[in-house]
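Worksheet for the structure shown next.
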Amino acid sequence: DGGITQSPKYLFRKEGQNVTLSCEQNLNHDAMYWYRQDPGQGLRLIYYSQIVNDFQKGDIAEGYSVSREKKESFPLTVTSAQKNPTAFYLCASSIDLGTGARYGYTFGSGTRLTVV
Amino acid sequence: DQQVKQNSPSLSVQEGRISILNCDYTNSMFDYFLWYKKYPAEGPTFLISISSIKDKNEDGRFTVFLNKSAKHLSLHIVPSQPGDSAVYFCAALPSYDKVIFGPGTSLSVIP
């Protein structure tokens, strides 16, 4: 079955540590995205990539980094510079940026990150 | 400042009745709108969309209405079913490739 796999589902991190969230898709989509969801707020865009070896900052990129070395993979690193990292992180993909925006993204099941 | 607002954090509806979820936006340049549905511990799934050149789009039990003069759109679910209980996100496109999501409304359909 085609889809997006995010791992792990739950992640605990100590303050001051970097942590990497995995996102893999087998949909042959060019575009991939990372969103963050906080209670009472909509999904906010962290980073996006429209093609391999290219990525762009979203609205809240500070304290995060990404890489796109393979079409299938778009890992997100939450660095110690992120002031409030506890949140639900969602990865998404689409055929391309415009198609995804108008016809909907395919989302993964998310990773809940908690800083302890 | 939120550009896409969903002022009702939650809504409860009896099974079989109509559910109406509302969304307001601030930018008259938005030209496309979408609704996503999200179950707990899962990612959102695309539900229905509407272009600004239309005022209504229907897909089965789901209908989205757009009132451009009021900068308001609504999602109607008729009849509501317990499986519709989820968080519904309204989203708008300020450009062809960018999406802004609202904060979501949690719908509970009571059997």
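No value in this document is a laboratory result; all are computed from the given coordinates. Predicted model only: the values in this text are computed from it and were never measured. Counting neighbours? That spans all protein chains shown, and the Cβs are built from the backbone with ideal geometry, glycine included.
The table below gives the values:
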item: FRET efficiency estimate (nearest 0.05) - Cβ-Cβ, A:SER109 to A:GLU15, R0 25 angstrom; result: 0.45
item: Rg and Dmax of the protein assembly as shown, Cα atoms only, in Å; result: 17.5, 51
item: Loop-located trypsin sites (Lys or Arg not before Pro) in the stretch A:65-96, at most 13 other Cβ atoms within 10 Å (DSSP); result: A:LYS83
item: For B:PRO40, net neighbour charge (Lys/Arg +1, Asp/Glu -1) across residues whose Cβ lies under 13 Å away; result: +3
item: Net charge dipole size for chain A [Lys, Arg +1 and Asp, Glu -1 on Cβ; Debye, nearest 20]; result: 320 debye
item: Gap separating the Cα centres of the stretch A:44-59 and the stretch B:34-95, nearest whole Å; result: 25 Å
item: Dimensions in Å of the stretch A:48-110 - Rg and Dmax from alpha carbons; result: 12.3, 35
item: Pairwise label distance in nanometres, B:ALA70 with B:ILE110, each label 7 Å out on the Cα-Cβ vector; result: 2.6 nm
item: Estimated 222 nm signal from helices in the protein assembly as shown, with DSSP H stretches of n ≥ 4 weighted -39500 (n - 2.57), rounded to 500; result: -1000 deg cm²/dmol
